[in-house]
Amino acid sequence: MTGLRYVYAVCRPYGKPLQAQLTGVGGDPPRLLAHRGLVAVVSHVDEADFAEDPLRAHLEDLDWLTAVARAHQGVIDALTTVTSPLPLRLGTVFRDDSGVRTMMEAREESFLRTLDRLDGRVEWGVKVYVEAEPEPAASAAPAPKPASGRDYLRQRRMRTKSQDDLWQRAESFATRLHETLSGAAEDSRLHAPQNPTLSGASGRNVLNAAYLVPRVKSEEFVEKVDRTKDGTPGIRVQLTGPWAAYSFAGEEIAEEEGS
């Protein structure tokens, strides 16, 4: 089959098959391309979409990019159930199999080092959000109407102080939680707080962290997070995973290659 080679991940050879009906970007099933002690997971994509110029134009198309990202992540998720993949950057393409093998040969030592470090490990994501001050119960007496401009300003200052206090509690809570979870993980990464406009999540994100955890200890890690949930009014903890260890692949995530 002709077309460019879209590369999802590099991993060590593994014995378990991927799910039978799995398709990748553009609907093409992923296949394995071996080179020495490494395997690249690839599929064929149309040059009309993934050559350098059309790909650059497509990256401005949110719908197209979302579909590609979903297919890309679907392959990575399937790989994560059978091995510990080293995921490559979205949109990593090469002209042919020879180009993929050349890439693996050039980065062989660093790929193997990183795969050794990630072997048997997964990434868990933990986010902490501070919500708006909880609404008063329906049975509670309504707040008195301000009798004057001075009363209005005083009530407004009290509301602002209450919200500031909640944010400070949330930040202290997030700091303690991160220290606890870091102690239960082999490694951790702090990412920038998410922009709610982009993420669509409600509340202010005060912790956006990733944790590298041995797969066999994941249940213990999840239980540790669960014990913190819903413990403080106005503070929400979100756990996601297990994922391939994107946050810990470091410099080994390949830059997008021109075709």
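The values are calculated or read from the model by the stated rules, or taken from the named source; none is laboratory data. Given the structure is predicted, the values throughout are model-derived calculations rather than measurements. Using ideal geometry, Cβ is built from the backbone for each residue, glycine included, and neighbour counts are taken over all protein chains shown. Keep in mind that these areas ignore ligands, DNA and RNA; they rest on the heavy atoms of the full protein, side chains included. Shrake-Rupley method; radii C 1.70, N 1.55, O 1.52, S 1.80 Å.
Projecting label points 7 angstrom from Cα along Cα→Cβ for Thr240 and Gln168 puts them 3.1 nm apart. A simple spin-label model places pseudo-atoms 7 Å from Cα toward Cβ; at Gln19 and Ala201 they are separated by 2.4 nm.
In this simple spin-label approximation, Ala184 and Arg89 carry label points 7 Å from Cα along the Cα→Cβ vector, and these lie 3.4 nm apart.
What you get for segment 1-106, charging only the Cβ of Lys and Arg (+1) and of Asp and Glu (-1), is a dipole of about 660 debye around the Cα centre. At a probe radius of 1.4 angstrom, the accessible area of segment 1-64 per residue rounds to 55 square angstrom. What FRET efficiency comes out for Arg12 versus Asp96 if R0 is 30 angstrom and r is the Cβ-Cβ distance? Round to the nearest 0.05. Approximately 0.85, to the nearest 0.05. Heavy atoms of the protein only, probe of 1.4 Å, neighbouring chains included. What is the accessible area of Trp243 in Å², nearest 10? Rounded to the nearest 10, that gives 90 Å². Its Cα gyration tensor gives segment 49-100 an equivalent ellipsoid; the semi-axes, largest first and in whole Å, are 22, 16, 7.
Projected over every direction and averaged, the convex hull enclosing the alpha-carbon atoms of segment 1-133 yields 10.5 nm².
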